[in-house]
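What follows is one structure encoded as structure tokens, with my remarks underneath.
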Amino acid sequence: MGHGASRLRRIVREVAKFGAVGGAGVLVNLVVFNLVRHTTDLQVVRASVIATVVAIVFNYVGFRYFTYRDRDKSRRTREMTLFLLFSAIGLVIENGVLYAATYGFGWNTPLQNNVFKFLGIGIATLFRFWSYRSWVFRALPAPGTPAPPAPVLQNEQAVPPKTKQQVP
């Protein structure tokens, strides 16, 4: 019971931190979206993409240094590559909802733009939470847990380590 309750507390804490950074990121996204939308002649989805990119940069800093600060930091290039890949997929999800509403259904008032922008952010957030915690900001192994043996490279192919076989 103690281990399960401890794990549940960690997950609740992680969701709360993800939500705090994500909530601030949503505000950044919506503020930039509305500023760009109302101060330029850009089309609604282009303004949204700009806002999403600004929010992605904001969120990376918040996730790396607040939400997932205790996670593995040894492979920053890999982390950044995966973060950008999954963020780009989230950008397509988020702005795909807005695109469908605006150009597919003709819902193109400022209120409708914001409602569907917000809906797209919500749907993309579910994907981002799963992908960031599963692939980008990987948990460190528990203290005292032995690391799995690294594969041996032969002819540029990974070969699993040899194990002793018993002869009958």
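Observations
- If you go through the stretch 28-69 and keep only what is in a loop (DSSP other than H, G, I, E, B) and within 14 Å of Val136 (Cβ to Cβ), you end up with Tyr68, Arg69.
- Applying the set (1) surrounded by fewer than 14 Cβ atoms within 10 Å (Cβ to Cβ); (2) assigned to a helix (DSSP H, G or I) to Ala139 leaves exactly one unmet item: (2).
- For the condition among the aromatic types (Phe, Trp, Tyr), touching a residue at least 40 places away in the same chain (Cβ under 8 Å) and under 20 Å from Tyr132 (Cα atoms), Phe66 qualifies.
- Beta carbons closer than 9 Å, at least 6 apart along the sequence or on distinct chains, pair a first residue in the stretch 70-82 that is modelled with pLDDT of 90 or more and outside any loop (DSSP other than H, G, I, E, B) with a second that is of a type outside the set (Gly, Ala, Ser) and open to solvent by 70 Å² or more (accessible area, probe 1.4 Å) for Leu82/Trp135.
- The stretch 117-131 - residue that is open to solvent by less than 10 Å² (accessible area, probe 1.4 Å) and small (Gly, Ala, Ser) and, of those, farthest from Ala88 (Cα to Cα): Gly120
- Lys17 open to solvent by 30 Å² or more (accessible area, probe 1.4 Å), at pLDDT below 95 and in a loop (DSSP other than H, G, I, E, B): no
- When restricted to residues that are of a type outside the set (Asp, Glu) and within 13 Å of the chain's Cα centre (by Cα), the stretch 67-91 contains 14.
- Residue match in the stretch 104-118 (condition: part of a loop (DSSP other than H, G, I, E, B) and at pLDDT below 95): no
- Counting the residues of the stretch 81-102 that are touching a Gly at 6+ places or on another chain (Cβ under 6 Å) and either surrounded by fewer than 21 Cβ atoms within 10 Å (Cβ to Cβ) or not acidic (Asp, Glu) (or both) gives 2.
- Which listed residue, of Val36, Val31, Val49, is within 23 Å of Leu119 (Cα to Cα), in contact (Cβ under 8 Å) with a residue 40 or more places away in the chain and aliphatic (A, V, I, L, M): Val49
The values are calculated or read from the model by the stated rules, or taken from the named source; none is laboratory data. Computed from a prediction, not measured in an experiment: that's the story for all the values here. Note that each Cβ is placed from the backbone with ideal geometry, even for glycine, and that neighbours are counted across all protein chains shown. Just the protein is used for accessible areas: all its heavy atoms, side chains included, with ligands, DNA and RNA removed. Shrake-Rupley method; radii C 1.70, N 1.55, O 1.52, S 1.80 Å.
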